[in-house]
1. Fewest Cβ neighbours within 10 Å first, please rank 5, 48, 22 accordingly.
2. Would you mind calculating the relative contact order of region 4-108 from Cα pairs under 8 angstrom and at least 6 residues apart, reporting the percent as a whole number?
3. Non-local amide H neighbours of residue 94 (under 5 Å, H modeled in plane, Pro and chain starts lacking H): which ones?
4. How many nm separate the modelled label positions at residue 10 and residue 62, each set 7 Å beyond the Cα in the direction of the Cβ?
5. What's the magnitude of the charge dipole for region 4-108 around its Cα centre, counting Lys and Arg as +1 and Asp and Glu as -1 at the beta-carbon? Answer in Debye, nearest 20.
6. Under 5 Å between amide hydrogens, which residues at least 5 positions from residue 65 or on another chain qualify, with H placed 1.01 Å from N in the peptide plane?
7. Taking the Cβ of each residue in 31, 45 as the centre, tally the other Cβ atoms inside 10 Å and list the residues starting with the fewest.
8. As a footprinting exposure proxy, order 95, 73 by other Cβ within 10 Å, with the fewest listed first.
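Each value in this text was obtained by applying a stated rule to the coordinates, not by laboratory testing. Note that the coordinates shown come from a computational prediction; the quantities given were computed from them, not determined experimentally. Glycine also receives a Cβ, built like all others from the backbone with ideal geometry; neighbour counts cover every protein chain displayed.
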Amino acid sequence: MMPTLQCSANNCAYNSNQRCSLQQIDVTGIVSASTSEETSCQSFVNRLEGEASNVVGETYASPQTNIHCRADSCMYNMKGNCTSDTIEITGEGASSRDETGCSTFSDGANPSMNP
């Protein structure tokens, strides 16, 4: 089953009412990431001011999306796929991928670092 995705990166061209119109997104993390701030949504594309989203109506923006995960140290990463039931991508006001993050990230190597 695909995770339920909620996305606050409201400037992303694929965002429609905190849902993503892509069938799959790519989340990455720096080598041995230990916090969500060290992750990002590589599928983020900045929607320029005044542009419409890449979504036509609500029917294309599904709450469930495949998550390809390259944050190797995340406890939800299983062979490059996210196994969490829900995932939240942050980045309200973001203008680049580096300003987004996966707040669901949980350091599998160091559980005491998790919220």
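1. Lowest count first: 48, 22, 5.
2. Averaging sequence separation for qualifying contacts and normalising by length gives 39 percent for region 4-108.
3. Those lying under 5 Å, H to H, from residue 94 are 10, 11.
4. In this crude label model, residue 10 to residue 62 measures out at 2.7 nm.
5. 300 debye
6. For residue 65, the qualifying residues are 5.
7. Neighbour counts put them in this order, fewest first: 31, 45.
8. 95, 73
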